[in-house]
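Data first, discussion second: the structure below is written as structure tokens.
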Amino acid sequence: MLAPDPRAARALEHWQARRRWARAGLVYAVMLAFAIVFVGPLLFAAISSLRTDPLAYPPTLAIPQLQPKNWSAAARLGNTGAGDRWFGGFAPGAAVPFEVTYFVPDGVEPSDPEVVVPRRRPGAGLGAVLAIEFAADHAVVSPIERRADVPMQVDDGDGAIAGRRVTYAFTIAYEGEGPRIDRLPLDVTAAAGMRYLDSTLTASRLERRGRTASFDNVAPGVLGYVLRNYVRTFQEVRSPATRESLFLAWIGNSFAFAFFRIVVTLAIASMAGYALARLRFRGRETIFVLVLFAQMVPLQVLFISNYLVLRDGIFTIGGFPLSTLWGYPGGMLNSLTGLVFVTALNAGAVFIMKQFFESIPREVEEAAMIDGAGHWRRYWSVVLPMARPALGALTILTFQGAWNDFFWPFIVLTSPETIKTLPIGLLSFRNTYGAVGDWGLILAGAVMSALPVIVLFVVFQRYFLEGVSFGGGKE
């Protein structure tokens, strides 16, 4: 019998190792493809939310807000404008230096551009009706200084065009005393034939066939420049009557609604699930069948009866509406209490907890019974701590459902604006800003609404994965 060839054995081992690595690489490639398909739109929306005009064509990821050159310029201009490198502004005593560079073809005589600080409002919607201070009322533009010309050529697609690089410098000063102003807009209009090349801060847009370089804010600060649309959601979306930030109010309402809904859901579902899984009483099977039946009934079927309960306080004792006990004598509409009242009871959560409790060995509770523990002590001290995977999964699912809930908040919360939750507020964004094409603000609000769910899943993903797969090990 021939002895095995060591070289052939090593070759076979190397081939098997390469095959394992190839399989692993294929699996990771497939997972990466799925991640790009599912997460890609969110990432593209997040990047587009940074742009001045998210609808600009062609779509690209190389946007001015992601260029380090503009970061440093925005920080420097914000510091000279208001002493704030992060959010900038225009304050008394400021002197903001600025430069604009043009390409001037041979045969065209350059002339000083027209520099204007316009009386421009920050945006559409609520930002167009609020009383604000305008930088134009305090800004003074210094005489324009022309720097030395630099010969250069530009390729316009049909060939190289010879010309000069011409740079103009000026300073915008805050004249006299006055309030600190959030924005310093600027319009720089060049003569015909001059082509905009660059500036201290990249222009927000080019108007009048490229002759006018328009800047929304030339003293923005680095965060005020990169996260401009996000800052606008807090600064511009305010109540015209109280000037309270509506976006902050919507976020606070959504967190409060999600928190109380999680607390009520976990408390009721865990106790009801434990009772159905461990206690023996008459009608237990009937109640469980009713729980399963409740899962099959859409909420839309019950919304009229639930709406009447909240509006009229149908549950009464001797003509006394029970909603008065919670401080709502006229009904529970337009209140977070009423919203929690009609959404916290979740039959699906009861079913999940019942199935999890049934997967816990009874021997654990029998050991506690020997020590004299009753049902409540066994539930609170023994079984509930072991249910952390199910509770974690239920927390994520309940928070996601409450945070993204649209139907019931839209029915229950109608006025005032400060009582609405974030999904309803985003609908207001769509109606107010979408009509005028201000999609940057809408995208910024949508991205921020998705962040809490993502963060919660990352924090509790271990419990979520354990909770959704607990039934796999049950014998």
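The values are calculated or read from the model by the stated rules, or taken from the named source; none is laboratory data. Just so you know, these numbers come straight off a predicted model, no measurement behind them. So basically every Cβ, Gly included, is an ideal-geometry build from the backbone, and we count neighbours across all protein chains shown. Areas reflect the complete protein model, heavy atoms only, side chains present, ligands, DNA and RNA absent. Shrake-Rupley method; radii C 1.70, N 1.55, O 1.52, S 1.80 Å.
Below is a table of values for the structure above.
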{"item": "Of all residues in the range 93-110 being surrounded by 15 or more Cβ atoms within 10 Å (Cβ to Cβ) and assigned to a loop (DSSP other than H, G, I, E, B), the one that is farthest from the chain's Cα centre (by Cα)", "result": "V108"}
{"item": "Residues located in the range 145-175, provided they are open to solvent by less than 50 Å² (accessible area, probe 1.4 Å) and under 24 Å from V218 (Cα atoms)", "result": "V166, T167, Y168, A169, F170, T171, I172, A173, Y174"}
{"item": "Residue tally, condition more than 15 Å from A91 (Cα to Cα), open to solvent by 80 Å² or more (accessible area, probe 1.4 Å) and in contact with an Asp or Glu (Cβ under 9 Å, 6 or more places away or on another chain), over the range 128-142", "result": "0"}
{"item": "Filter result for the condition that a residue is open to solvent by less than 30 Å² (accessible area, probe 1.4 Å) and under 15 Å from T395 (Cα atoms), over F247, F257", "result": "F257"}
{"item": "Subset of the range 186-205 (residues that are touching a strand residue (DSSP E or B) at 6+ places or on another chain (Cβ under 6 Å) and part of a loop (DSSP other than H, G, I, E, B))", "result": "A190, M194, T200, A203, S204"}
{"item": "Subset of the range 177-191 (residues that are in contact (Cβ under 8 Å) with a residue 60 or more places away in the chain and open to solvent by 50 Å² or more (accessible area, probe 1.4 Å))", "result": "E177, R180, D182"}
{"item": "Residue list for the range 206-247, filter: assigned to a helix (DSSP H, G or I) and over 19 Å from V129 (Cα atoms)", "result": "V222, L223, G224, Y225, V226, R228, Y230"}
{"item": "Answer residue from the range 359-377, given it is within 22 Å of T265 (Cβ to Cβ) and either of a type outside the set (A, V, I, L, M) or in a helix (DSSP H, G or I) (or both) and is least open to solvent (accessible area, probe 1.4 Å) among those", "result": "S359"}
{"item": "Subset tally (residues that are in a helix (DSSP H, G or I), of a type in the set (A, V, I, L, M, F, W, C) and touching a strand residue (DSSP E or B) at 6+ places or on another chain (Cβ under 9 Å)) for the range 74-92", "result": "2"}
{"item": "Long-range neighbours under 6 Å by Cβ, at least six apart or interchain, first residue closer than 16 Å to Q235 by Cβ and of a type in the set (D, E) within the range 438-458, second open to solvent by less than 40 Å² (accessible area, probe 1.4 Å) and outside any helix (DSSP H, G or I)", "result": "D438/G123; D438/A124"}
{"item": "Looking only at the range 416-462, and only at residues there that are in contact with a Gly (Cβ under 8 Å, 6 or more places away or on another chain) and surrounded by fewer than 18 Cβ atoms within 10 Å (Cβ to Cβ), the one that is modelled with the lowest pLDDT", "result": "R462"}
{"item": "Matching residues, the range 272-307, being free of Cβ contacts under 8 Å to residues at least 40 places away in the same chain, of a type in the set (A, V, I, L, M, F, W, C) and open to solvent by less than 60 Å² (accessible area, probe 1.4 Å)", "result": "A275, V297"}
{"item": "Residue match in the range 28-48 (condition: outside any helix (DSSP H, G or I), touching a residue at least 40 places away in the same chain (Cβ under 8 Å), surrounded by 13 or more Cβ atoms within 10 Å (Cβ to Cβ) and touching a Phe, Trp or Tyr at 6+ places or on another chain (Cβ under 9 Å))", "result": "no"}
{"item": "Of the criteria (1) of a type in the set (A, V, I, L, M); (2) more than 34 Å from the chain's Cα centre (by Cα); (3) at pLDDT 85 or above, which one V364 fails", "result": "(3)"}
{"item": "Test result for G176, over 22 Å from R76 (Cβ atoms), more than 35 Å from the chain's Cα centre (by Cα), part of a loop (DSSP other than H, G, I, E, B) and of a type in the set (G, A, S)", "result": "yes"}
{"item": "Matching residues in the range 273-287 - criterion: being of a type outside the set (S, T, Y) and in a helix (DSSP H, G or I)", "result": "G273, A275, L276, A277, R278, R284, E285, I287"}
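Residue-by-condition table, conditions (1) of a type in the set (A, V, I, L, M, F, W, C); (2) more than 23 Å from E109 (Cβ to Cβ):
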| site | (1), (2) |
| --- | --- |
| T171 | no, yes |
| G176 | no, yes |
| R183 | no, yes |
| S199 | no, no |
| R211 | no, no |
| D216 | no, yes |
| V222 | yes, yes |
| Y225 | no, yes |
